[in-house]
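Enquirer: What follows is a single structure, and I will ask about it in a moment.
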Amino acid sequence: MLNFDFYNPTRIVFGAGRIADLDKLVPADARVLILFGGESARKTGTLAEVRTALDGRKMFEFGGIEPNPSYETLMRAVAQVKQEQIDFLLAVGGGSVIDGTKFVAAAALFEGEASEILFKFGRNISRAMPFGTVLTLPATGSEMNDGGVVTLKAQGAKLPFLNQALFPVFSVLDPTKTYTLPQRQLANGVVDAFVHVMEQYLTYSVDGHVQDRFAEGLLLTLIEHGPNAISSTDYNARANLMWVATLALNGLIGAGVPQDWATHMIGHELTAKYDIDHARTLAAVLPAMLQVRREAKRSKLLQYAERIWNIREGSDDERIDAAIARTRSFFESLDVPTRLSAYELGTDAVTAILEQLKAHGMVAIGEHRDVTLEVSRQVLEASL
């Protein structure tokens, strides 16, 4: 029986040219800190467009947020917030910039050592600064949820945090802002969104038929439109990709149903240790995770095989094998490798990642909390 609360206060402003709406979305008397990553936001004109929309407000900038935002970098942004008496944050970029902005929003008002936010996974956050986002890279869904991931370089740890104080006030989603993205980033976005859906969908049945069909619709949309969104600047393909990525992790398809996230926890450690793109770690881990845990996920794997890949013939095991193979093939068709050996990682990496998982308390993960270090070992070995 389903039994859940669902809460999401983020306003979505979607479509071409909607950055101009910032004038109505950001308070007229705000002191705004615009946070972004590299210089692409400036070179493409997006920052100029943002500044034009915010004309009349006192504006400051903080650039250099990494693809995996680091605590060390973000604390410099916190210092600027305090020095300039900032009262509104605006993230301009993809998930990493938005995740980093969420951390800054919490850390600027946090009493105590801000790293404790990460070690407590955000449970100790009581308040945060208001912030909005201008999304330029569809992938993580951070523009419409209350979570993020930040790397502590000193500890070599990539840690998630979650708190209802961290929903964006609004998010502007303009699909045309994806036109200048390289194919690698777009492919990563498709994979990231796909695995986000899978972590909430491919667990075990609790008769959440609405969530199942919603999740399946998102997966089918990614399969249908993902390749075109990568290879062309077709507005409709980019718009569908952007909206799917948002819906994949705004909490709706996960409401009331079990969630896994073991693939993500292992993937985070791979990124922290070897600096592999987040989505690419997921593409390597997910097929192996499904293979190793096929018994615990059997009923949903068969449902996935039939409804997503139209696999209806053969024994149960043959259909499961085929569904996992089709998943791997889909990722590979996007030029995203599905083996860790593609990154020149071998058995030494298995030991190193297991040590990281143990150090960060990831010793009983997954929807049944039965992904022990031994199970993680099997998954990593199958990922090579």
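Enquirer: Given the conditions (1) within 16 Å of GLY17 (Cβ to Cβ); (2) surrounded by fewer than 17 Cβ atoms within 10 Å (Cβ to Cβ); (3) acidic (Asp, Glu), report the number of the one that GLU49 does not fulfil.
Expert: Exception for GLU49: condition (2).
Enquirer: Would you check which residues across the range 330-384 are within 16 Å of GLN291 (Cα to Cα) and exposed (fewer than 13 other Cβ atoms within 10 Å of the Cβ) and list them?
Expert: Of everything in the range 330-384, those that are within 16 Å of GLN291 (Cα to Cα) and exposed (fewer than 13 other Cβ atoms within 10 Å of the Cβ) turn out to be ASP370, GLU374.
Enquirer: Then there's this: Here are some conditions: (1) of a type outside the set (Phe, Trp, Tyr); (2) within 24 Å of ALA30 (Cβ to Cβ); (3) out of contact with any helix residue (DSSP H, G or I) (no Cβ under 6 Å at 6 or more places or on another chain); (4) surrounded by fewer than 24 Cβ atoms within 10 Å (Cβ to Cβ). ALA114 meets all but one. Which one does it not meet?
Expert: Among (1) of a type outside the set (Phe, Trp, Tyr); (2) within 24 Å of ALA30 (Cβ to Cβ); (3) out of contact with any helix residue (DSSP H, G or I) (no Cβ under 6 Å at 6 or more places or on another chain); (4) surrounded by fewer than 24 Cβ atoms within 10 Å (Cβ to Cβ), ALA114 violates only (3).
Enquirer: Let me ask something additional. Restricting the first residue to the range 326-346 and requiring it to be over 15 Å from GLU224 (Cβ atoms), which pairs with a second residue that is assigned to a helix (DSSP H, G or I) and hydroxyl-bearing (Ser, Thr, Tyr) meet a Cβ separation below 6 Å and a spacing of at least six or different chains?
Expert: Short answer, once both residue conditions are applied: LEU340/SER383.
Enquirer: Enumerate the pairs (first residue in the range 221-241 and in a helix (DSSP H, G or I); second residue anywhere and among the hydroxyl-bearing types (Ser, Thr, Tyr)) with beta-carbon separation below 6 Å, excluding pairs fewer than 6 apart on the same chain, so at least 6 apart or on different chains.
Expert: ARG238/THR178; ASN240/THR221
Yes/no per residue for (1) in contact (Cβ under 8 Å) with a residue 12 or more places away in the chain; (2) under 20 Å from VAL104 (Cβ atoms); (3) charged (D, E, K, R):
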| site | (1), (2), (3) |
| --- | --- |
| LEU2 | yes, no, no |
| PHE6 | yes, no, no |
| ARG18 | yes, no, yes |
| ASP23 | yes, no, yes |
| LEU35 | yes, yes, no |
| GLY38 | yes, yes, no |
| GLY45 | no, no, no |
| ALA48 | no, no, no |
| LEU54 | yes, yes, no |
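Enquirer: What number of residues within the range 148-173 satisfy the criterion of being under 18 Å from the mean Cα position of the chain (by Cα) and part of a loop (DSSP other than H, G, I, E, B)?
Expert: 3
Enquirer: Regarding ARG213, is this residue surrounded by fewer than 23 Cβ atoms within 10 Å (Cβ to Cβ) and free of Cβ contacts under 8 Å to residues at least 40 places away in the same chain?
Expert: On the way: surrounded by fewer than 23 Cβ atoms within 10 Å (Cβ to Cβ): yes; free of Cβ contacts under 8 Å to residues at least 40 places away in the same chain: yes.
Spelling it out, ARG213 is indeed surrounded by fewer than 23 Cβ atoms within 10 Å (Cβ to Cβ) and free of Cβ contacts under 8 Å to residues at least 40 places away in the same chain.
Enquirer: In the list VAL195, VAL210, VAL172, which residue meets the criterion of being among the β-branched types (Val, Ile, Thr) and assigned by TED's automatic domain parsing to the domain that holds GLU49? If you could, list the steps in order and put the result at the bottom.
Expert: Numbers: VAL195 fails: assigned by TED's automatic domain parsing to the domain that holds GLU49; VAL210 fails: assigned by TED's automatic domain parsing to the domain that holds GLU49.
Only one candidate passes the filter, namely VAL172.
The values are calculated or read from the model by the stated rules, or taken from the named source; none is laboratory data. Quantities reported herein were computed from a predicted structural model and do not represent experimental measurements. Neighbour counts run over all protein chains shown; Cβ positions are idealised from the backbone, glycine included.
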